[in-house]
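Worksheet: the structure to be examined is printed underneath.
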Amino acid sequence: MKNGLKKLQYVFDNTISLVIFFAVWELASRLELFVNPLFLPPFTKVISTLWGLILSGEIWINLIASLRRSGLGFVLGVAFSLPLGLAIGWFRRFATLINPLLQAFRNTPTLALLPVFIMFFGITEVSKVAVIFWGVMWSVLLNTIAGVRTVPPDLIRASRAMGAKSIRLFVTVIFPASLPHIFTGVRIAATTSILIVIAAEMLGANRGLGYRLNFNQGNMRFPEMYAYILVMAVLGVLLNNLLEYIEKRGFVWRG
């Protein structure tokens, strides 16, 4: 009984602010309180429009296109930055040599490089995946480096005292101890990939969530525009909650 009440209380606490927000949105638009209904349609109209987009299949076509781009860029970014981060974190001389280059590149805004990728690859899937790859890799890279460098020295000394050689030490001690930091970087990278793909699609694409958002805004189709914004918000929340769940189940020993 107590567990049931706690679950109900948890659901209530996590939904009440959303209910109030959507109710204020609906009333403000219906009663024209400080907003123009043309630019901010009622929430119920947006939901009705979203349902129509779901039934027509339009939303799925664009959602799949965005997920495919962000997913490919995310996987490539993680596959590249994970081993590089492990190498930089473990080999100090290599870190010293490459650090000036990393500092220069990591402080360059990701979307500022989109025109460069377009010049090299054209307005194709490659340019959009490339900019997602670039934006994703930094969070994984920097968190991996931090994870390796924060492994307790006593743990390393104890492992060496027990006869662990370099490769075995790295595989059985350094990498597992770094995993919580690495996964934090992966979480940030996953949400970053969604944000970047939407921005990239707004600048140059013929399909995707960002493209439809920009298209609807330009053609003053505001119910459709807000419907796509809701889809993006839900997608971000679901992705973040999924990764939080994986982190809690996968790193129960972290505490």
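The values are calculated or read from the model by the stated rules, or taken from the named source; none is laboratory data. Everything numeric here is computed off the predicted structure, so don't read it as measured data. Backbone-built Cβ (ideal geometry, glycine too); neighbour counts: all protein chains shown.
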Worksheet item: Just for helices (runs of 4 or more DSSP H) wholly inside segment 98-180: which have at least 1 residues that are touching a Gly at 6+ places or on another chain (Cβ under 6 Å)?
Response: 125-149
Worksheet item: Just wondering, is there one or more residues in segment 67-82 that are farther than 26 Å from residue 236 by Cβ and loosely packed, with under 14 Cβ neighbours inside 10 Å?
Response: no
Discussion item. When you check residue 178 against the structure, is it surrounded by fewer than 23 Cβ atoms within 10 Å (Cβ to Cβ) and modelled with pLDDT under 85, yes or no?
Written reply: no
Worksheet item: So which residues in segment 190-213 are basic (Lys, Arg) and either in contact with a strand residue (DSSP E or B) (Cβ under 7 Å, 6 or more places away or on another chain) or surrounded by fewer than 21 Cβ atoms within 10 Å (Cβ to Cβ) (or both)?
Response: 207
Discussion item. With touching a residue at least 12 places away in the same chain (Cβ under 8 Å), in the same structural domain as residue 64 (by TED's automatic domain parsing), surrounded by fewer than 18 Cβ atoms within 10 Å (Cβ to Cβ) and not β-branched (Val, Ile, Thr) as the only criterion, which of 169, 230 stands out?
Written reply: 230
Worksheet item: Can you tell me which of 91, 117 is assigned by TED's automatic domain parsing to the domain that holds residue 203 and under 23 Å from residue 182 (Cβ atoms)?
Response: 91
Worksheet item: Do we have any residue at all in segment 191-202 that's assigned to a loop (DSSP other than H, G, I, E, B) and in contact with a helix residue (DSSP H, G or I) (Cβ under 8 Å, 6 or more places away or on another chain)?
Response: no
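Considering only residues that are of a type in the set (Val, Ile, Thr) and under 13 Å from the mean Cα position of the chain (by Cα), look in segment 216-245 and name the one that is nearest to residue 53 (Cα to Cα). Outline the logic, then answer.
Restricting attention to segment 216-245, the residues satisfying the condition of being of a type in the set (Val, Ile, Thr) are 229, 231, 234, 237.
Going one step further and asking which of them are under 13 Å from the mean Cα position of the chain (by Cα), we end up with 234, 237.
On the way: 234: 15, 237: 20 Å.
Ranking the candidates gives 234 first.
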Practice prompt. Please tell me if residue 187 is outside any helix (DSSP H, G or I), farther than 20 Å from residue 109 by Cβ and of a type in the set (Lys, Arg).
Written response: no
Worksheet item: Mind checking which residues of segment 201-255 are among the β-branched types (Val, Ile, Thr) and either at pLDDT below 85 or closer than 19 Å to residue 129 by Cα (or both)?
Response: 246, 252
Worksheet item: Which residues, counting only those in segment 13-34, are small (Gly, Ala, Ser) and at pLDDT 85 or above?
Response: 23, 28, 29
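Keeping to segment 68-87, report how many residues are among the small types (Gly, Ala, Ser) and more than 13 Å from residue 130 (Cα to Cα). Please lay out each step first, then the result.
So in segment 68-87, the residues among the small types (Gly, Ala, Ser) come out as 70-71, 73, 77, 79, 81, 85, 87.
Okay, now just the ones that are also more than 13 Å from residue 130 (Cα to Cα), so 79, 81, 85, 87.
Residues in segment 68-87 being among the small types (Gly, Ala, Ser) and more than 13 Å from residue 130 (Cα to Cα): 4 in total.
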